[in-house]
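The values are calculated or read from the model by the stated rules, or taken from the named source; none is laboratory data. All values reported here derive from a predicted model rather than from experimental measurement. Don't worry about glycine lacking a Cβ; one is built from the backbone with ideal geometry, like all the others, and counts go over all protein chains shown.
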Ligand code: FAD
Ligand code: 2HG
Ligand code: ZN
C-alpha cells in the first residue's frame with residue numbers, strides 16, 4: 001500500500017494537536033530541527049512532532065510503528081555527532097522533539113533526588129535544585145539549551161565529572177517509551193536495587209536508538225557554599241598531569257574540575273571574544289582551569305586552594321597561577337574555557353576528536369600526535385583542550401589557514417585515522433562523551449571488537465526489531 005503523507009499528518013495532528021505537528025507542506029520551517037548544531041548533518045523529515053506528555057509520545061510511537069515511519073528523538077539539538085537529526089538516507093522519518101515535556105515533577109530534598117520530564121532544559125533543573133539548596137552537578141557549555149533527556153541519551157560528561165561522575169552516575173530512574181509504544185516505568189529514586197538487570201543503563205548513552213526517554217529521577221547533592229576558581233600556566237602536558245595528581249592529593253573531594261587548555265585555544269577565544277581578559281601576565285604553551293567547592297566558609301576553601309597551589313609551585317608542578325577574586329572573575333575564567341567550541345566554530349572548518357585515555361598516557365600521546373599531524377597535514381592547526389581530570393581530550397584539528405573552503409572536511413577520514421589509531425593503540429576510546437551518532441558510525445567497527453558489536457546488535461534487535469528508532473545512528 002502506498003504511503004499517504006497527508007493522511008499520516010492528519011492522524012498525527014489528531015493525536016497531539018494541529019499546532020504541534022510542523023510540516024513543510026504547510027509552510028513550516030523545519031531546518032532548526034533537521035540540521036545539527038554544527039551544520040554538518042541534515043536530513044529530511046516528514047514532520048516535527050512536539051508531544052506534551054508520555055501518553056502523546058506513546059500514541060505517536062504506535063502510529064509510527066504501525067505505518068513504518070522512523071522516529072528521531074530530539075532534545076535541544078546541541079549534540080556534536082549528528083545523532084539528533086534525520087540521516088540523509090534511510091526510511092521516512094519524523095523528528096520527535098521533547099521540549100514540551102519540560103516539567104519538574106518532584107524535588108525530594110530528603111532523598112536528594114529530582115524527578116523531571118525529559119524535555120526540561122539542563123539549566124532549569126540546575127536552577128530549581130539550587131533554589132532548594134541542592135546541586136545538580138551536570139554542567140556543560142550547552143546547558144542553556146540542552147535537555148536532560150538528551151543528556152541521558154548521550155551520557156553527557158561536562159566539567160564536573162572529576163567529582164560527580166558522568167550522567168550515567170547521576171541517574172537513578174527512567175521512564176522510557178519503547179519502540180512498540182509500551183511504557184517502561186523504571187522511575188525509581190533508589191540508590192540500591194539489585195532486582196535483576198539494571199535496565200535503565202541500556203537507554204543511557206544509547207543515543208535514542210532503543211527508545212524515547214520521557215522522564216528521569218536524578219541525584220542531587222548538597223549545594224556547596226564556597227567555590228574557588230584558579231587558572232594556571234604550565235610548561236607541558238606532563239606538568240599538568242603532575243599538577244592534577246598533586247592537587248587531588250591536597251584537596252581530595254573538594255577538587256571538582258581540572259580542564260586543560262592549549263595556548264592556541266586561548267588565543268582563538270581571545271581573538272573571537274576580544275573582551276576576554278588575559279588571566280596571567282605571561283604566555284604559556286598550556287593552561288589549566290581548576291575549581292574547588294565545599295560547604296562552609298569561602299575564605300577557608302580559598303586558603304586551602306592557595307596553600308595547595310603554592311606548594312605545587314614550589315614543587316615545580318606549575319609555572320604561574322591566578323586565583324579568581326570573586327564570583328564574576330571565576331565566571332570570566334570559565335567563559336575562556338566554555339567559548340572554545342564557539343571560537344573554533346567561528347574560525348571555520350575543524351575536525352573534532354573526543355578521545356579518552358588513561359591519564360598517565362596523555363602526555364606521551366600529545367607529544368607524539370602534534371609532530372605527526374604537522375608532518376602529515378602541513379599547516380593544520382590542532383586546538384587541544386579538554387577534561388584532563390577525566391582523561392578526556394578534545395583533540396580538534398582546524399583547517400590550515402590557506403585552504404579552499406570545504407576541502408578540509410575531505411581530510412576527515414585521514415586525520416581521524418592518525419588520531420584514532422594512536423588512541424586505539426593506547427587502549428583509549430574514540431568517543432569519550434559526545435557519542436557515535438552519524439559522525440563516527442563507520443569508525444565504530446574499526447575500534448570495537450566484533451563480539452561487542454554483536455551484543456550491541458542483539459540488544460538493538462530485541463528492543464527495536466524493525467529498526468525504526470533513530471536509524472542510521474551508532475550501529
Ligand atoms: P540532542 O542533541 O537533541 O540529542 C542528542 C542524542 O540524544 C540524539 O541521539 C537524540 O536522538 C537523543 N535524544 C535526545 N533526547 C532524547 C530522549 N528524550 N530520549 C531518547 N533519546 C533522546 N557534551 C558533553 O558530553 N560534554 C560537554 O562538555 C559538552 N559541551 C558542549 C558544548 C557546546 C557549546 C555544545 C554545542 C555541545 C556540547 N556537548 C557536550 C554536546 C551536547 O550538548 C550534549 O551531547 C548534550 O547532552 C545533548 O543534549 P541535547 O538535549 O541537545 O540532545
Ligand atoms: C567541551 O568540552 C565540549 O567544551 C565540546 O565537549 C567540545 O567542541 C568540542 O569539541
Ligand atoms: Zn567536553
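So which residues in the stretch 383-412 are touching a strand residue (DSSP E or B) at 6+ places or on another chain (Cβ under 6 Å) and over 21 Å from residue 158 (Cα atoms)?
Matches in the stretch 383-412: 398, 412.
Can you name the residue in the stretch 54-76 that is touching a strand residue (DSSP E or B) at 6+ places or on another chain (Cβ under 8 Å) and part of a loop (DSSP other than H, G, I, E, B) and, of all such residues, is surrounded by the fewest Cβ atoms within 10 Å (Cβ to Cβ)?
The extreme case among them is 69.
Residue under question is residue 220, and the condition is that it be within 16 Å of ligand 1 (Cβ to nearest atom), touching a residue at least 60 places away in the same chain (Cβ under 8 Å) and under 30 Å from residue 58 (Cα atoms); does it hold?
Taking the combined requirement at face value, the residue does not satisfy it.
Sort out for me the helices (runs of 4 or more DSSP H) sitting completely within the stretch 129-220 that have 2 or more residues that are within 16 Å of ligand 3 (Cβ to nearest atom). Before the answer, list the steps.
On the way: elements: 148-154, 161-164, 167-170, 200-203.
Because the criterion is at least 2 residues that are within 16 Å of ligand 3 (Cβ to nearest atom), the helices (runs of 4 or more DSSP H) in the stretch 129-220 that meet it are 148-154, 161-164, 167-170.
Kindly provide the set of residues from the stretch 264-292 that are closer than 14 Å to residue 323 by Cβ and touching a residue at least 60 places away in the same chain (Cβ under 8 Å), ordered by number.
288, 289, 290, 291, 292
Quick check, is residue 449 at pLDDT 95 or above and within 16 Å of ligand 2 (Cβ to nearest atom)?
No: the conditions fail for residue 449.
Of the residues in the stretch 135-162, how many are surrounded by 21 or more Cβ atoms within 10 Å (Cβ to Cβ) and away from ligand 2 (no atom under 14 Å from the Cβ)?
Adding up the residues that qualify gives 7.
Checking the condition surrounded by 17 or more Cβ atoms within 10 Å (Cβ to Cβ), in a strand (DSSP E or B) and more than 15 Å from the chain's Cα centre (by Cα), which residue from 355, 397 passes? It would help to see each step written out before you state the result.
On the way: 355 fails: more than 15 Å from the chain's Cα centre (by Cα).
Sole residue among the options that is surrounded by 17 or more Cβ atoms within 10 Å (Cβ to Cβ), in a strand (DSSP E or B) and more than 15 Å from the chain's Cα centre (by Cα): 397.
Could you list, in sequence order, the residues of the stretch 314-352 that are more than 15 Å from residue 268 (Cα to Cα), away from ligand 3 (no atom under 15 Å from the Cβ) and either in contact with a strand residue (DSSP E or B) (Cβ under 7 Å, 6 or more places away or on another chain) or assigned by TED's automatic domain parsing to the domain that holds residue 383 (or both)?
318, 319, 320, 321, 322, 323, 324, 330, 351
Somewhere in the stretch 115-124, is a residue within 12 Å of ligand 1 (Cβ to nearest atom) and over 30 Å from residue 225 (Cα atoms)?
no
For the stretch 368-386, which residues satisfy the criterion of being in contact with a helix residue (DSSP H, G or I) (Cβ under 7 Å, 6 or more places away or on another chain) and surrounded by fewer than 16 Cβ atoms within 10 Å (Cβ to Cβ)?
Filtering the stretch 368-386 down to residues in contact with a helix residue (DSSP H, G or I) (Cβ under 7 Å, 6 or more places away or on another chain) leaves 368-369, 372-373, 376-377, 380-385.
Correct list: 368, 372, 376.
Please give the number of the condition residue 304 fails out of (1) closer than 18 Å to residue 276 by Cβ; (2) not assigned by TED's automatic domain parsing to the domain that holds residue 413.
(1)
Determine, yes or no, whether residue 433 is without any contact (Cβ under 8 Å) to a residue 40 or more places away in the chain and either within 30 Å of residue 184 (Cβ to Cβ) or outside any strand (DSSP E or B) (or both). Before the answer, list the steps.
Details: without any contact (Cβ under 8 Å) to a residue 40 or more places away in the chain: no; either within 30 Å of residue 184 (Cβ to Cβ) or outside any strand (DSSP E or B) (or both): yes.
In short, no.
For (1) farther than 30 Å from residue 162 by Cβ; (2) surrounded by 13 or more Cβ atoms within 10 Å (Cβ to Cβ); (3) in contact with a strand residue (DSSP E or B) (Cβ under 7 Å, 6 or more places away or on another chain), each residue gets a yes or a no:
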{"position": "427", "(1), (2), (3)": "no, no, no"}
{"position": "463", "(1), (2), (3)": "yes, yes, no"}
{"position": "468", "(1), (2), (3)": "yes, yes, yes"}
{"position": "471", "(1), (2), (3)": "yes, yes, yes"}
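Tell me, please, whether a residue that is in a loop (DSSP other than H, G, I, E, B) and surrounded by fewer than 21 Cβ atoms within 10 Å (Cβ to Cβ) can be found in the stretch 45-53.
For the stretch 45-53, residues in a loop (DSSP other than H, G, I, E, B) and surrounded by fewer than 21 Cβ atoms within 10 Å (Cβ to Cβ): present.
From the list 421, 454, 390, which one is more than 16 Å from ligand 1 (Cβ to nearest atom) and surrounded by 12 or more Cβ atoms within 10 Å (Cβ to Cβ)? Outline the logic, then answer.
On the way: 454 fails: surrounded by 12 or more Cβ atoms within 10 Å (Cβ to Cβ); 390 fails: more than 16 Å from ligand 1 (Cβ to nearest atom).
Matching residue, one of 421, 454, 390: 421.
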